[in-house]
1. Please state, to two decimals, what the Cα-based radius of gyration of segment 55-178 comes to when divided by 2.2 N^0.38 Å (N = residues).
2. Can you tell me the FRET efficiency between ASP209 and ALA371 if r is taken as the Cβ-Cβ distance and R0 is 51 Å, rounded to the nearest 0.05?
3. Bin width 10 Å, alpha-carbon pairs only: give the P(r) of segment 325-428 as whole percents, running from 0 to the bin holding the largest distance.
4. First measure r as the distance between the Cβ atoms of HIS71 and ALA25, then evaluate 1/(1 + (r/R0)^6) with R0 = 35 Å and state the FRET efficiency to the nearest 0.05.
5. May I ask what percent, to the nearest 5, of DSSP beta bridges between residues of the chain are antiparallel?
6. How high is the relative contact order of segment 1-132, given as a whole-number percent (alpha carbon pairs under 8 Å, six or more residues apart)?
7. Please report how many Lys pairs in the chain have alpha carbons closer than 18 angstrom, counting only residues at least 8 apart along the chain or sitting on separate chains.
8. Using amide H atoms built in the peptide plane, which far-off residues or other-chain residues are under 5 Å from TYR124 H to H?
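No value in this document is a laboratory result; all are computed from the given coordinates. Treat the numbers as computed from the prediction; the structure is a model and nothing was measured. Ideal geometry is used to build each Cβ from the backbone, glycine not excepted, and the neighbour counts take in all protein chains shown.
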Amino acid sequence: MDLRAVRGMNDILPEQVHRWHRLEADFRMHAEVHGYGEVRTPLLEHTSLFARQIGETTDVVEKEMYSFERHSEQLTVRPEGTAGAARAYVEHGMHAKEPVTRWYYLGPMFRGERPAKGRFRQFYQAGCEVFGDPGPLCDAEMIELVTSFLRRIGVESFAVHVNSLGSAGTRGRYRDELLKFFTPLRDRLSEDSQRRLEKNPLRILDSKDPRDQEAAQGAPSILDLLDDEDQAHWTGVLRYLDVLGLPYVVDRGLVRGLDYYTRTLFEVKATASDLGAQSTLVGGGRYDNMIEGLGGPKVPAIGFAMGMERLLSVIPEDAGRRGPRCFIAPMGQAAAERAVLLARELRSFGLSVELEGRGARLKPMLRRADALGARLCLILGDAEVERGVVTVKDLVGHTQEEIPLEGAARVLADRVGELGPGSSQARGMR
Ligand code: HAM
């Protein structure tokens, strides 16, 4: 019996989880100030939802979904968040409640891909979806939301790739062009692509197989086939990106791996990372036909999702490092009795405190305080208790002083509050 975690699925232990809390809190705040509200949809949906919306001939649907039958229902553990959000939008008649709906979500997604660096079978996404706004300004603003978030969390080295897939009519014409282009090259394609050629030749452009990538050299670009309305939308997006001063790369080969996209597509890739093929931090685009396809009204939509493990791998390891603000080192019985009360007082001011309860010598206790990343070490011996004082050692500022025990908690809480955002632990970690 294998008692280890399922391959590609990871435990996140307390020593790491604080980085997640921080990223999640930053994302929530960022989404909220842009007018988004959080939506929480079930982890399980009917298999048909994903099969129809993501597309029967995509890798996700053909090979990666965790699907099963229970109580005569075919269910799938969500491989992504967009289809579920769109289903909820239709099910709750959101279009009748507000003209534009902005939702964000955070949570685990499941895809049975081959695990690799930055690629997991359970991974976490943070994403946003906007329903009801068809215009190019909305697309550019969404890219702005993404890039300002990346900067906010300390990611500076990235490139924004954009492309347009056009609307359904344009895609139909593009499909015919691709079929014409790839049919003579059929024998050189991977088995998957040969099989998908008639049904969905667009998928060949997204294939990771070197045979397909070679065959796709010189394939026609959909940008050359856009109709007037698609073209107006596309140039509008680029114009707004220029107005916002956001650099981008027009990536004619960008098609993305999900079938629901129309018009604008975008990805953000890390440019200074060791993620290799998994350097795509963010993927998104417009999907103007999904709501109608789900039985709802004709409501356009656009969204993105970012992989949280990938983000965490490119933000500095020590950003928001967890550690108690105060470490209390008591020496002696009377000191321990006073220390346990002091810890309670400090915590009542919202400070995080670790109390050394094992009774140790000073040196090892100081070493422990350092290792934990504590800002202050409060040293309390029986003699200090007798004199009504506590020694406060600032482990970052390298200063030491005695302060009266009476009222010490308030004084220390105020001081910690003044450490300011420059300190790696000060933000949100009092
Ligand atoms: P996606 O490109 O499949 O798009 O995934 C978005 C992001 O999730 C990727 O760029 C990557 O950072 C992360 N990701 C995907 N698969 C894995 C994996 N196996 N391991 C680790 N990270 C992964 C979507 O999911 C769309 N729902 C995005 C969207 C929202 N489009 C419109 N609205």
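1. Numbers: Rg = 17.5 Å, N = 124, 2.2 N^0.38 = 13.7 Å.
Against the empirical 2.2 N^0.38 Å value, I get 1.28 for segment 55-178.
2. Working: r = 48 Å, r/R0 = 0.93.
Computed FRET efficiency for ASP209 and ALA371: 0.60.
3. P(r) for segment 325-428, in whole percents per bin: 16, 54, 28, 3.
4. Working: r = 38 Å, r/R0 = 1.07.
For HIS71 and ALA25, the calculated efficiency is 0.40.
5. On the way: 54 of 67 bridges.
Beta bridges within the chain, antiparallel portion: roughly 80 percent.
6. Numbers: 171 pairs, mean separation 36.7, N = 132.
In percent, rounded to a whole number, it is 28.
7. Numbers: LYS63/LYS199; LYS63/LYS208; LYS97/LYS298; LYS117/LYS208; LYS117/LYS269; LYS180/LYS199; LYS208/LYS269; LYS363/LYS393.
The result is 8.
8. Residues meeting the criterion, in which the H sits 1.01 Å from N, are MET109, MET308, GLU309.
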